[in-house]
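Just below is one structure, and these are the notes that go with it.
The values are calculated or read from the model by the stated rules, or taken from the named source; none is laboratory data. It should be emphasised that the depicted structure is a prediction, and the values quoted were computed from it without experimental measurement. Note: areas computed on protein heavy atoms with side chains; ligands, DNA, RNA excluded. Shrake-Rupley method; radii C 1.70, N 1.55, O 1.52, S 1.80 Å.
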Amino acid sequence: MYAKFLANTHPSIKWSQNKDHILLTIAVQDIEKPEISIEPTKLHFKGEQTKGLKYDTILEFFDDIDPKVSALLLSKFSELLLNSKIRID
């Protein structure tokens, strides 16, 4: 008996940061309905490409972010602007 098992793939993620914000770009194309959950200590991204590849990843943050004022920008890629709760001067 044979079984076909497709594991979830981790997407390519670009990270940029300044003292107030984190900009994340999740570089996966053709995700029809991405599931993105933003919490103070982590971000969960899950989705399936039209080609059938499944993506599922969790990013844990070193410091808390503010999910209420963070933004999700859906374009060719999923881009997230996360606001830090801790201000670094």
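Summary of values
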read-out: Per-residue SASA entry for Lys19, accessible area with 1.4 Å probe, Å² rounded to 10; value: 110
read-out: Derived scalar couplings ³J(HN,Hα) [the stretch 11-19; Karplus, 6.51 cos²θ - 1.76 cosθ + 1.60; whole Hz; x for Gly, Pro]; value: x, 6, 10, 9, 10, 9, 8, 10, 5
read-out: Computed lengthening from Leu53 to Ile36, 0.36 nm per intervening residue step minus Cα-Cα distance; value: 4.4 nm
read-out: Rounded accessible area of Glu32 (nearest 10 Å², 1.4 Å probe); value: 140
read-out: Additional length obtainable on full extension of the chain from Ala71 to Asn18, 0.36 nm per residue less Cα span; value: 17.5 nm
